[in-house]
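One structure is given here, and the rest of the page talks about it.
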Amino acid sequence: MLALGACLLAGCANLATLAPPVTPALVARSHGDASMLASGRGIYLTQCTACHAPESVPAHAGKWPGLIREMAPKSRLTAAEERAVLAYVLAAEHAQ
Amino acid sequence: MKHTKFAIVSLLSLLSLAASAIAGERHFANVYETTTAAKGEFEFENWVTWKTRRGEGDNSNLWKFRHEIEYGITDRLQLGVYLANWTLTRDATHRNTTRYESAAAELIYRMSHPTTDALGSALYLEIEGGHDLFALEGKLLLQKNIGRFVFAWNGVIEAEWSGRGMMERTGTLEQTFGVSYQITPKVSVGGELVHEVSFEDWSKSGPNVLFAGPNVSWRFKRGYITAATLFQCTRATGEPDIQTRVIFGIHF
């Protein structure tokens, strides 16, 4: 049980590194508002992980516009969802 | 011979359909995951299962086929319709027999997400009917995605009425477990376990049967192919020694 709990906690911590949480600093860096960024992060972690493990947002800095354009149809994102995800990853790609 | 040709042509047609169309994702062949089709999305899945027994006077091969269409009613609720479940059996005398078995419908409701929640969970209900066959099956699906790993567990309870007048009653308790590791965004490998025990007339317990083996899944454009080979780890007679399942799916 302890090992299972440790794995679950490690998973949660790892998620925050792969997809940085929406903070006031992140919102200030973005072109969207907090709710749009939170929505984008939620879509990134749910619909984008239906087929593959979550990719590290900071690790692909500079490449996100092209990646989102390629992946949005595969994830069946609406135009609004695609904008929200793009706003989030552009804000989070340089997060520490 | 006519039945064998029909089965081969049908299988090749389905394979060519899968190769020319675009498709989905599944990490396991014998374990359900908690993720469901997106709202409004259709998925066409084809299952081919080969089971074989090797023993004194019992060298038999059974091929089972299932063809399913899944539809995302909402982002959490998925409907599946198994258009046809059928079998091709080759007995020890190399005689082939093809038989239509049943059709079925299933509902899967996702309660929590395996990535963003502490534990992903879903409820599964299936109703199946055919010639001299009626079955109800319920499952609890649990899943957790951690980094490149996917862990999934299913707890299954099934009740089946079969035979003339539906007088034969069988209950089955089953649990399945799978682990998958993503090598690349398109390829995952892992292993699966299946543990089951049947109850004749819901009272006489049969032997515990355990299967285990490796799996591999490959995701491409809008489709996927997932395969697993399981070996019986117990010595239950009447159960297959080896079973291999291949599932190929298409999203549209």
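Working carefully through the options B:Arg169, B:Arg148, find the one that is of a type in the set (Lys, Arg), out of contact with any Pro (no Cβ under 9 Å at 6 or more places or on another chain), within 14 Å of chain A (Cβ to nearest Cβ) and surrounded by fewer than 18 Cβ atoms within 10 Å (Cβ to Cβ).
After applying the criteria, what remains is B:Arg148.
For the stretch B:111-145, how many residues meet the condition of being buried (at least 18 other Cβ atoms within 10 Å of the Cβ) and aromatic (Phe, Trp, Tyr)?
Counting residues in the stretch B:111-145 that are buried (at least 18 other Cβ atoms within 10 Å of the Cβ) and aromatic (Phe, Trp, Tyr) gives 1.
What number of residues in the stretch B:93-107 are loosely packed, with under 13 Cβ neighbours inside 10 Å and more than 20 Å from B:Arg245 (Cβ to Cβ)?
Number of matching residues: 4.
Restricting to strands (runs of 3 or more DSSP E) lying wholly in the stretch B:36-114: which have 2 or more residues that are away from chain A (no Cβ under 14 Å), modelled with pLDDT of 95 or more and closer than 21 Å to B:Arg219 by Cα?
B:42-53, B:60-72
Out of curiosity, is B:Glu33 among the charged types (D, E, K, R), under 26 Å from B:Arg222 (Cβ atoms) and surrounded by fewer than 21 Cβ atoms within 10 Å (Cβ to Cβ)?
No: the conditions fail for B:Glu33.
Taking B:Gly24 and the conditions (1) modelled with pLDDT of 85 or more; (2) surrounded by 15 or more Cβ atoms within 10 Å (Cβ to Cβ); (3) of a type outside the set (A, V, I, L, M, F, W, C), which numbered condition does it fall short on, given that it satisfies the others?
Failing condition for B:Gly24: (1).
The rows are residues; the columns are (1) farther than 20 Å from B:Asp75 by Cα; (2) surrounded by fewer than 15 Cβ atoms within 10 Å (Cβ to Cβ); (3) of a type outside the set (A, V, I, L, M).
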position: A:Pro21; (1), (2), (3): yes, yes, yes
position: A:Leu26; (1), (2), (3): yes, no, no
position: A:His31; (1), (2), (3): yes, yes, yes
position: A:Ser39; (1), (2), (3): no, no, yes
position: A:Glu55; (1), (2), (3): yes, no, yes
position: A:Pro65; (1), (2), (3): yes, yes, yes
position: A:Arg76; (1), (2), (3): no, no, yes
position: A:Arg83; (1), (2), (3): no, no, yes
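Being over 20 Å from the mean Cα position of the chain (by Cα) and among the β-branched types (Val, Ile, Thr) is the filter; apply it to the stretch B:69-111 and report the residue that is farthest from A:Ala50 (Cα to Cα).
B:Thr93
Filter the stretch A:72-96 for residues that are of a type in the set (A, V, I, L, M, F, W, C) and at pLDDT below 90; which is nearest to A:Met36 (Cα to Cα)?
Per the stated criteria, the residue is A:Leu77.
Report every pair of residues separated by at least 6 positions or lying on different chains whose Cβ atoms are under 8 Å apart, first residue within the stretch A:47-59 and more than 7 Å from every other protein chain (Cβ to nearest Cβ) and outside any helix (DSSP H, G or I), second surrounded by fewer than 21 Cβ atoms within 10 Å (Cβ to Cβ) and among the β-branched types (Val, Ile, Thr).
Short answer, once both residue conditions are applied: A:Ser56/A:Thr17.
Return yes when B:Val156 is crowded, with 19+ Cβ neighbours inside 10 Å, more than 14 Å from chain A (Cβ to nearest Cβ) and under 21 Å from B:Thr36 (Cβ atoms) and no when it is not.
For B:Val156, the condition - crowded, with 19+ Cβ neighbours inside 10 Å, more than 14 Å from chain A (Cβ to nearest Cβ) and under 21 Å from B:Thr36 (Cβ atoms) - is met.
What is the residue count in the stretch A:15-33 for residues that are touching a Pro at 6+ places or on another chain (Cβ under 8 Å) and more than 11 Å from chain B (Cβ to nearest Cβ)?
2
Considering the stretch B:198-252 alone, what residues qualify as being more than 14 Å from chain A (Cβ to nearest Cβ) and surrounded by fewer than 13 Cβ atoms within 10 Å (Cβ to Cβ)?
Those that are more than 14 Å from chain A (Cβ to nearest Cβ) and surrounded by fewer than 13 Cβ atoms within 10 Å (Cβ to Cβ): B:Glu200, B:Asp201, B:Trp202, B:Ser203, B:Lys204, B:Ser205, B:Asn208, B:Thr234, B:Arg235, B:Thr237, B:Gly238.
Got a number for residues in the stretch B:209-233 being modelled with pLDDT of 95 or more and outside any strand (DSSP E or B)?
1
Answer with yes or no whether B:Gln143 is within 14 Å of another protein chain (Cβ to nearest Cβ) and either closer than 21 Å to B:Glu70 by Cα or touching a Leu at 6+ places or on another chain (Cβ under 9 Å) (or both).
Spelling it out, B:Gln143 is indeed within 14 Å of another protein chain (Cβ to nearest Cβ) and either closer than 21 Å to B:Glu70 by Cα or touching a Leu at 6+ places or on another chain (Cβ under 9 Å) (or both).
The values are calculated or read from the model by the stated rules, or taken from the named source; none is laboratory data. Remember, it's a predicted structure, so these values are computed and weren't measured experimentally. In this analysis, Cβ positions are derived from the backbone assuming ideal geometry, glycine residues included, and neighbour counts consider all displayed protein chains.
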